[in-house]
Structures are given as structure tokens and as C-alpha cells.
1. Condition first: in contact with an Asp or Glu (Cβ under 7 Å, 6 or more places away or on another chain) and in a strand (DSSP E or B). Now tell me which residues in segment 101-139 satisfy that.
2. Pairs under 8 Å by beta carbon, first residue among the acidic types (Asp, Glu) in segment 60-89, partner part of a loop (DSSP other than H, G, I, E, B), six or more apart or different chains?
3. Quick check on segment 49-67. Is at least one of its residues touching a Ser or Thr at 6+ places or on another chain (Cβ under 9 Å) and in a strand (DSSP E or B)?
4. Keeping to segment 21-57, report how many residues are surrounded by fewer than 24 Cβ atoms within 10 Å (Cβ to Cβ) and farther than 11 Å from residue 114 by Cβ.
5. Which pairs turn up if I take residues in segment 156-172 that are under 20 Å from residue 125 (Cα atoms) and in a loop (DSSP other than H, G, I, E, B) and look for partners that are among the β-branched types (Val, Ile, Thr) and modelled with pLDDT under 95 with beta carbon separation below 9 Å, at least 6 apart in sequence or on another chain?
Amino acid sequence: MSSWKDKRKIMQRYDLTADMYEERYAKEQKAKYGVALENVDVADGKVLDVGCGSGLFFSEVAVQAGLVVGVDVSSKLLLKAKKQAKCFGNVFVLQADADHLPFQVGFFNFVFSFTVLQNMPKPAETLDEFKRVTKLEGKVVVTGLKKAFSLNTFMDVLEGSGLKMVSFIDRESLNCYVAVLTK
């Protein structure tokens, strides 16, 4: 199956579950956000949230960050994210593919991507795109769903990215690994 067909299936799945997304995932996602933000200070930076879903992460970073941009492939989730973004003057959303982000090289200080890599046909290429839009010495924070990635497989993807590991969190209370990387 082509990568576009795979991505289209993911987009359709999230469009179908958009109405119950927060009810189903909010608690789990917020736990990941907390762990990530223990290891990253976004003060005054430009933040990209790839796979922003309904925009739950916006309230975690918008007050500290200078700019927050959320992207997702699901148009129905983006409608929810747009409502979240209206609460803040520095948050914007747009529909985009994580493998083809419509931003300049080195534009963001921080790229966060929660629960996305396992949905991508080639996670290593997705990480390359995150690296492309991150400033030198910027941070890339990604999660890897444990039921989709063994620890070794996830570490291989991270190591192949050319990014340097800042911290790696593998807590039993989380269903994901959380990695903080830098250029």
C-alpha cells in the first residue's frame, strides 16, 4: 500500500473519532505533555505541535511560548483545535502532512509530536522533516507508542535521525516512550 493511502486511512480514522477524541485521549495525552515539559522550557520560543489533534497541548504551552502552531491531517480535529486556539492570541492551526511541513528551514525552537510516529509510513523520514524545521540547538520531542514500537525499534528510529538524545523517558505509567532530542 502506498504511503498516501496509509495516511489517508489515518486521516479518515481520526475524522471519524474526532467527536470523542478528548474523552478518549485527554488524560493520556496530558500525562505525556507533563513529562515532555519537565524536560523542555518553551519560554518565548516558537512551538510546532505536529499532530495537534483537538489542540489539547495549546493550553500547556501558549502562555509561555511566543508562537504556537498546530498542524494535523484531520480536518475534523482541526475544527476542534481552532476553537482551542481562539483562547490565545499566539496560537494558529493549519492542515498539513507531517512529512511535508509548510515551514522554512529552522523556523521553530521546539517541535512536539505526540502519538504520531507510529502512524507514519516511514518514521525516520518524518523525523528528518521535524529536524528540517527546527532551529540549530532547538528541541524535538516525540513519543513512540509502546504497542507499536519495541524499545529497540524506537531507539533505532531515533538514532537514525541524526538528532542527539537529550533525555529519554520510559515510565510504566505511560503507554509511550518520550524522547527529547536536539540538532
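The values are calculated or read from the model by the stated rules, or taken from the named source; none is laboratory data. What you see is a predicted model; the values in this text were computed from it and never measured. Backbone-built Cβ (ideal geometry, glycine too); neighbour counts: all protein chains shown.
1. Within segment 101-139, just 112 meets the criteria.
2. Correct list of pairs: 72/51; 72/52; 72/53; 72/96.
3. The answer is yes, given that some residue of segment 49-67 is touching a Ser or Thr at 6+ places or on another chain (Cβ under 9 Å) and in a strand (DSSP E or B).
4. 17
5. none
This table checks each residue for (1) surrounded by fewer than 17 Cβ atoms within 10 Å (Cβ to Cβ); (2) on the phi < 0 side of the Ramachandran plot.
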| site | (1), (2) |
| --- | --- |
| 98 | no, yes |
| 106 | yes, no |
| 130 | no, yes |
| 149 | no, yes |
| 159 | yes, yes |
| 168 | yes, yes |
| 172 | yes, yes |
